[in-house]
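Below is one structure, written out as structure tokens; the observations come after it.
The values are calculated or read from the model by the stated rules, or taken from the named source; none is laboratory data. Bear in mind that the values here come from a model prediction, so they are computed numbers and not experimental data. Positions of Cβ are backbone-derived with ideal geometry, glycine not excepted, and every protein chain shown enters the neighbour counts. Note: accessible area is taken over every heavy atom of the protein model, side chains too, but ligands, DNA and RNA are not part of it. Shrake-Rupley method; radii C 1.70, N 1.55, O 1.52, S 1.80 Å.
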Amino acid sequence: AQSVTQLGSHVSVSEGALVLLRCNYSSSVPPYLFWYVQYPNQGLQLLLKYTSAATLVKGINGFEAEFKKSETSFHLTKPSAHMSDAAEYFCAVTWNSGYSTLTFGKGTMLLVSP
Amino acid sequence: DAGITQSPRHKVTETGTPVTLRCHQTENHRYMYWYRQDPGHGLRLIHYSYGVKDTDKGEVSDGYSVSRSKTEDFLLTLESATSSQTSVYFCAISADRVSEQFFGPGTRLTVL
């Protein structure tokens, strides 16, 4: 079965510091990978997606993620954290095969301190 | 923003009562989904639809049913609500099975 693991339920950074949120997936076929962000009391908003066109994907709000097949990873990064980045982040994966549906990780809460 | 609305946005009900949540889209997307979100579990798929009258079960479908009689509407019904169904419910839409999903604002359901 497909699965996705987000390492760390909470990540704390200082404003201006590098943000690194980790996502690993299990797959034997090429995946489609997504990162979503959720602000308090809101729905999920797409940050970026990987669909095999390029391994380094740039998203909104200065975020980017790199697909590494050898490591089955799709980590999310941002060079300099801003207070407004504080939110919960979800990695999700699906495959173009059979009846595959989107599977979400359990989420990582990003805390940004001044 | 994708045109997705959910109603009601908040609901408090009692154990054993039926509850119906509505998702409405204006994007004419083929796929529609119902998820529930609980602390420590992320989002879990309840049911999804791949066309009018075409639906399938997700990971946590027990106690839920769905219907889709029009492209734009996807209904989620709890036949007899239980306290374990207290959650935040999100509707999502996508053009196809592997495209990004767009999410509605959510419905907070409390079953007493």
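In terms of the Cα gyration tensor, with a ≥ b ≥ c the square roots of its eigenvalues, is chain B rounded because a/c is under 1.5, prolate because a/b exceeds b/c, or oblate? It is prolate, given that a/c is not under 1.5 and a/b is the larger ratio.
Going by accessible surface with a 1.4 Å probe and the largest first, B:Glu72, B:Glu14, B:Glu100 read B:Glu14, B:Glu72, B:Glu100.
Here is the list for the stretch A:1-108: chymotrypsin sites (Phe, Trp or Tyr not before Pro) lying in DSSP coil, each with at most 10 other C-beta atoms within 10 angstrom of its C-beta, are A:Tyr99. A:Met109 sits with roughly 60 Å² accessible to a 1.4 Å probe, with DNA, RNA and ligands left out of the calculation.
Among A:Val93, A:Val13, the order of accessible area from largest down is A:Val13, A:Val93, computed with a 1.4 Å probe on protein heavy atoms. State the Kirkwood hydrodynamic radius of the stretch A:1-110 in Å, one decimal place, computed from all pairs of distinct Cα atoms. For the stretch A:1-110, inverting the mean 1/r across all distinct Cα pairs yields 14.1 Å.
Scan the stretch B:23-80 for trypsin sites (Lys or Arg not before Pro) in coil per DSSP, keeping those whose Cβ has at most 14 other Cβ atoms within 10 Å, and list them by number.
Working: sites: B:Arg30, B:Arg36, B:Arg44, B:Lys53, B:Lys57, B:Arg68, B:Lys70; in loops: B:Arg30, B:Lys53.
Answer in residue order: B:Lys53.
Quote the FRET efficiency, to the nearest 0.05, computed for B:Ser67 versus B:Lys11 with a Förster distance R0 of 22 Å and r equal to the Cβ-Cβ distance. Let's see the in-between values first.
Working: r = 18 Å, r/R0 = 0.83.
The value I calculate is 0.75.
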